[in-house]
1. What fraction of the DSSP beta bridges in region 128-291 is antiparallel, stated in percent and rounded to the nearest 5?
2. Give the separation of the Cα centroids, region 234-257 to region 156-188, in Å.
3. Which shape class applies to region 128-291: rounded if a/c is under 1.5, otherwise prolate when a/b exceeds b/c and oblate if not, where a ≥ b ≥ c are the square roots of the Cα gyration tensor eigenvalues?
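Since every read-out is calculated from the coordinates, none of them should be taken as a lab result. Remember, predicted model here, so these are calculated numbers, not experimental data.
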């Protein structure tokens, strides 16, 4: 008993010492706060606006009226403190607002199949350029308000099948964000709006378009002799969000004879054929234009040795990737990087954190490109 008491006292002293101060070699050392934050946000959609981190959440008042946006952006600290009462909004694939039966698509040509199967691809090919396809303006007399929306969504599905280098950013999400900052839809092509899309969402290209048609031509005699054909035309512009310039102007329409249909519901069938041929041709042109774009992202926040980027896991980056830094003024002409940084962690679903690999320090808004190995 005499020896047991000092031993118990010694154990109590050691326990208190460890409770007050955990040594660096202790195997259960608690991680730094920012790592805990990263863990909580691993499957959330995080954006950085004016150097602050925000989480995209579902707006609980969205069902109350048209003036309410579907989603809100709340500061990360507020979300972490109240996450039990908030529902994080996750990215989802586009769902057509108006489903119509889809006619059989034209098969890919031999040259297209050869182009799609070329290998090996450069290292940068795994990185996706973020793209927004705005809903098309319908120039037809008495247009259906949802038809331009539906055509834009169909075009995204067409591009999904043709390109592995495009990551679509939801148009409604972008529209709500810009309107909250006092930028209406009609000003989406202005330098101010394009710059915001590039810095906040990492958007590389904005695609805007106009459509005309479908115009239907029919000879109604009744029964199996009824014939119809249709034509539709779509024109799009591809805008570079960084330079606020038009990179490409593309146009597509279907051959009118290719849409010809006979018999019952010939008009509806001809319209569907016209749409499919037009979208297939536009998809071919647009996928090439988007695939030709160089990939880049930006530094949107600097916190000590941590550099926050507006691209991450969904874009195709990997922990350990080495990125070269270019100043915005030099990105168009200079080929010599000012520094290098390495991806150290992901923040949310498509943002990341990097650290410098040498004494050179990047700056806010610097442009990053994947280092060639």
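1. On the way: 23 of 32 bridges.
About 70 percent, rounded to the nearest 5.
2. 15 Å
3. Values: a/c = 2.91, a/b = 2.11, b/c = 1.38.
Judged from the Cα gyration tensor, region 128-291 comes out prolate (a/c at least 1.5, a/b above b/c).
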